[in-house]
Amino acid sequence: MARSACIAVADFPLAALVRANPALAGAPLALSHTLAPHSELTLVSPEARKSGVYPGMTIAQARSIIPALALAHRSEAAEVSAMDALADAAESLSPIVEPDGGGRAWLDLAGRGRIYRSEEEIASGLAARCVRIGLDRGA
């Protein structure tokens, strides 16, 4: 029976932006298409969510809850770089990897049973690789 695994980074556009800008780590952060006060938030960091800010709120609504909310646009360059790093991390575990560009990569685990004793050990190895490359947001 063929075995496969998937690395999936939660809120990938946010994780990629934080990876590219480490000063944003731990800060309440949200992404929006524009920075106009009436623009809706598309993604919100866990730190902002804990304070009651959610996707779909306007920037003005979110700023009334968190005045220091960091706002940004999606960064294609940060996402490409993060996806390349994710694919490299996956390839360090399996020679057959299929990245999708959206924060996920599938790995063929055929033959990995000789190296790893369990699926938990494989998952732990994948998670550790994500931490090392700065993509530890739910990988």
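The values are calculated or read from the model by the stated rules, or taken from the named source; none is laboratory data. Note that this is a predicted model, so its numbers are computed, not measured. Don't worry about glycine lacking a Cβ; one is built from the backbone with ideal geometry, like all the others, and counts go over all protein chains shown. The accessibility values were calculated without ligands, DNA or RNA, using every heavy atom of the protein model including side chains. Shrake-Rupley method; radii C 1.70, N 1.55, O 1.52, S 1.80 Å.
For this structure, a couple of remarks:
- Centroid-to-centroid separation of region 20-38 and region 46-92 [C-alpha atoms, Å]: 6 Å
- Dipole magnitude (debye, nearest 20) for the chain, charges at Cβ of Lys, Arg, Asp, Glu: 340 debye
- Length gained on full extension, ALA20 to VAL131: 38.6 nm, using 0.36 nm per residue less the C-alpha separation.
- Mean accessible surface per residue for region 13-77, computed with a 1.4 Å probe while every protein chain stays in place, in Å²: 52 Å²
- Contact order relative to length of region 7-139, as percent, for alpha carbon pairs under 8 angstrom and 6 or more apart: 29 percent
- Helix 76-91 vs. the chain, principal-axis angle (Cα, 0 to 90°, nearest 10): 20 degrees
- Summarising the label geometry, the points placed 7 Å from Cα in the beta-carbon direction at THR42 and ALA27 lie 2.0 nm from one another.
- Kirkwood hydrodynamic radius over Cα pairs of the chain, then Stokes diffusion coefficient at 20 °C and 1.002 mPa s, in µm²/s: 134 µm²/s
- To the nearest ten degrees, helix 119-132 and the longest principal axis of the Cα atoms of the chain are 50 degrees apart.
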